[in-house]
1. Quick one: count up the residues across region 248-270 that are buried (at least 18 other Cβ atoms within 10 Å of the Cβ) and assigned to a strand (DSSP E or B).
2. Quick one: is A356 more than 27 Å from N210 (Cβ to Cβ), touching a helix residue (DSSP H, G or I) at 6+ places or on another chain (Cβ under 9 Å) and surrounded by fewer than 16 Cβ atoms within 10 Å (Cβ to Cβ)?
3. Just the residues that are assigned to a loop (DSSP other than H, G, I, E, B) and over 30 Å from G248 (Cβ atoms), please, taken from region 343-394.
4. Within region 277-321, can you find the residues that are in contact (Cβ under 8 Å) with a residue 24 or more places away in the chain and of a type in the set (D, E, K, R)?
5. I'd like to verify a number: residues in region 44-95 that are touching a Pro at 6+ places or on another chain (Cβ under 8 Å) and either closer than 29 Å to E335 by Cα or among the aliphatic types (A, V, I, L, M) (or both), how many?
6. Restricting region 254-276 to residues that are within 20 Å of S300 (Cβ to Cβ) and in contact (Cβ under 8 Å) with a residue 60 or more places away in the chain, which is nearest to the chain's Cα centre (by Cα)?
7. Considering Q93, Q13, Q9, which residue is modelled with pLDDT of 95 or more and polar (S, T, N, Q)?
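The values are calculated or read from the model by the stated rules, or taken from the named source; none is laboratory data. Note that the structure is a prediction, hence the values are computed from the model and not measured. Here the Cβ is made from the backbone with ideal geometry for all residues, glycine too, and neighbour counts use every protein chain on show.
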Amino acid sequence: MPHSPDLPQLPVQSDTFALVIGAGPAGLMAAEELARAGRRVIVCEAKSSPARKFLMAGKSGLNITKDQNFQVFAKTYGSTPMERMLRDFGPSQVMDWVRGLGQEVFVGSTGRVFPRSMKGSPLLRAWLTRLGAAGVELRLKWRWTGFAEGGLAFDTPEGAQVLQPDVTVLALGGASWARLGSDAAWVPFLAEKGVEFEAFGPANMGFVVNWSPYMAKFFGQPVKGAALCVGRKREMGEFVISARGLEGGGIYSVSRDMREGAALTVDFLPDMSEHKVREKLAQMKGGETFTNRLRKLGLSPVAQALALEFGRGMDPLNAAKALPIHHAGPRPLDEAISVSGGVKFSSVTEGLELTALPRVFVCGEMLDWEAPTGGYLLTGCLATGRVAGRAAAAV
């Protein structure tokens, strides 16, 4: 096959096969659907092991999905075409899929669903075993370097290679956690082909706070049992005071609103009415200090410290029930758990095929959708991978 002068003369592997680039949950789901349809499948992964971000997310317990009313669940993804894909592969289907891999699940008190083992590694091992039995070939340390004439170029342990698949599914992740593989290095390859993007931004991220020296003793400590309020949204959740600012699930649940400019206040006594707080304050001695009043209301030492940091001069009632939190913006993109932005849905068909690149499909965090932690991210990746794999198999 002739090559243009500006392209390297690379070894070309040409055969009848489907190619998946990226061995995270979206890519592996696409590979599973392709193999189920009888296609020969090769999965290329840039790292030395698959699904690194998936395994990292499962270190403290793999939250696979959320057992929740479907309309509420789907609404979490915002005004995107995600609902259609989630309707076919939402929480109940994800739980059945996990059980099909021999991993029992349980539902926590908040509706979050976990494998009984709690970890991601047993689930991943069972999945890779099933894929291997279906004939899926996994090539590690194969980094995609762009389009070559008539194919896709890779840096591999054996040197530069070009693959010429019948159909390709791209599952390369977003732009966060580059050390685990999601580095958005693929964006220029698609942009030069005319694919349209929404700029990547951090999602499910912490926020920078320039603390006073007094707060150093509280770094690493959690704030529990509080309600975080942004606009009309009120979310219960734990968050952590870190040297860099505020982090943790409670903050992530309101991070989209905060990123878009909504002010954050914290209610440290969500189960106590303002009337009850006033009564308790009225019963205290007139000479009580601000800190002592907060302590007697039941605020933890770390909550008292936050009230001193942001609420000096405030009425104790407001400091306890509606403390304004001042921050200096989101932490950097590469520290975010996930991203907003990506390939616009206007650039793909219903089967997630790129209109600018026929026979090339995209899925997972490459697409322009956003969801909070709590099982939504993983379910979204699995659902889009399934759609892309099925559509690619039908080509």
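1. 3
2. Values: more than 27 Å from N210 (Cβ to Cβ): yes; touching a helix residue (DSSP H, G or I) at 6+ places or on another chain (Cβ under 9 Å): yes; surrounded by fewer than 16 Cβ atoms within 10 Å (Cβ to Cβ): yes.
Criteria met by A356.
3. Residues of region 343-394 that are assigned to a loop (DSSP other than H, G, I, E, B), as a first pass: 344, 349-352, 355-359, 363, 368-375, 394.
Once the filter is applied, which keeps residues that are assigned to a loop (DSSP other than H, G, I, E, B) and over 30 Å from G248 (Cβ atoms), region 343-394 yields K344, T349, E350, G351, L352, T355, A356, L357, P358, R359, A394.
4. Pass one, region 277-321, residues in contact (Cβ under 8 Å) with a residue 24 or more places away in the chain: 277-278, 281, 290, 294, 297-303, 305-309, 316-317, 319-321.
Within region 277-321, R278, E309, K321 qualify.
5. Quick first cut of region 44-95, residues touching a Pro at 6+ places or on another chain (Cβ under 8 Å) only: 51, 54, 62, 64-68, 70, 73, 76.
Now drop any that are not either closer than 29 Å to E335 by Cα or among the aliphatic types (A, V, I, L, M) (or both), which leaves 51, 54, 62, 64-68, 73, 76.
So the count comes out to 10.
6. Top of the filtered list is L264.
7. Numbers: Q13 fails: modelled with pLDDT of 95 or more; Q9 fails: modelled with pLDDT of 95 or more.
Criteria check complete, one pass: Q93.
To keep it simple, each residue is scored yes or no on (1) in contact with a helix residue (DSSP H, G or I) (Cβ under 9 Å, 6 or more places away or on another chain); (2) among the charged types (D, E, K, R); (3) not assigned by TED's automatic domain parsing to the domain that holds G389.
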{"position": "V72", "(1), (2), (3)": "no, no, no"}
{"position": "G78", "(1), (2), (3)": "yes, no, no"}
{"position": "R84", "(1), (2), (3)": "yes, yes, no"}
{"position": "Q93", "(1), (2), (3)": "yes, no, no"}
